[in-house]
Amino acid sequence: MKIIARIRSDFPTKFGIPRQSGRVEELTARVVFEPEYRVREAVKGMEDFSHIWLLWEFSQAIRENWSPTVRPPRLGGNERMGVFATRSPFRPNPVGLSCVKLEKIDLESKEAPVLIVSGADLMDGTPIYDKAISAGGRLPSGSSGRLCGKSGAAFPESGDPRRMEGKDPGR
């Protein structure tokens, strides 16, 4: 995969970064494209969307080996959970997915186009592989609707308890 952009945020290290996108909506960051992708036509039409998905690399957590279980800090680091049931960066493929609010597209700066986003949960300099917009997520400019779920979070804050027990509520 090619790195198309990097995030510019107020977090030089992993400490203090919100544990999920959308949790702190006041945080703003900039998505700065790599020179070969700084093409205005590539962002044409994005202004009609309220939120975008960022596919990015856990660049500071790359390891050769992975563990099927991790100790999430939210549980005090005392309980092991399956890595796929957590937001741990120590995964077989160190990629993350974050939903952020698209505040503005800067077409005037030296690095234009630059996407100004809010609610990002990424460390400064994090490589971004791609951006995506849900086909069902086209919202009129100025709309207060949500594309990514409650509080702008990328995923629901609580799951269906029947699914958590291995029972599919749809069957």
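The values are calculated or read from the model by the stated rules, or taken from the named source; none is laboratory data. Just so it is clear, the model here is predicted, and its values are computed rather than measured. Note: ideal-geometry Cβ built from the backbone for every residue, glycine included; neighbour counts use all protein chains shown.
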Selection count where residues are assigned to a loop (DSSP other than H, G, I, E, B) and either closer than 13 Å to Glu34 by Cα or among the small types (Gly, Ala, Ser) (or both), scope the stretch 107-135
10
Note on the stretch 101-130: residues at pLDDT 85 or above and in contact with a helix residue (DSSP H, G or I) (Cβ under 8 Å, 6 or more places away or on another chain) are Lys101, Leu102, Ile105, Leu107, Ala112, Pro113, Leu115
Take Ala42 and decide whether it is at pLDDT 90 or above, among the small types (Gly, Ala, Ser) and in contact with a strand residue (DSSP E or B) (Cβ under 7 Å, 6 or more places away or on another chain).
no
Check whether at least one residue in the stretch 56-75 is at pLDDT 90 or above and either closer than 24 Å to Pro12 by Cα or surrounded by fewer than 15 Cβ atoms within 10 Å (Cβ to Cβ) (or both), and report yes or no.
no
Is it true that Val31 is farther than 19 Å from Gly125 by Cα and modelled with pLDDT of 90 or more?
no
Subset tally (residues that are surrounded by 14 or more Cβ atoms within 10 Å (Cβ to Cβ) and free of Cβ contacts under 8 Å to residues at least 12 places away in the same chain) for the stretch 84-134
0
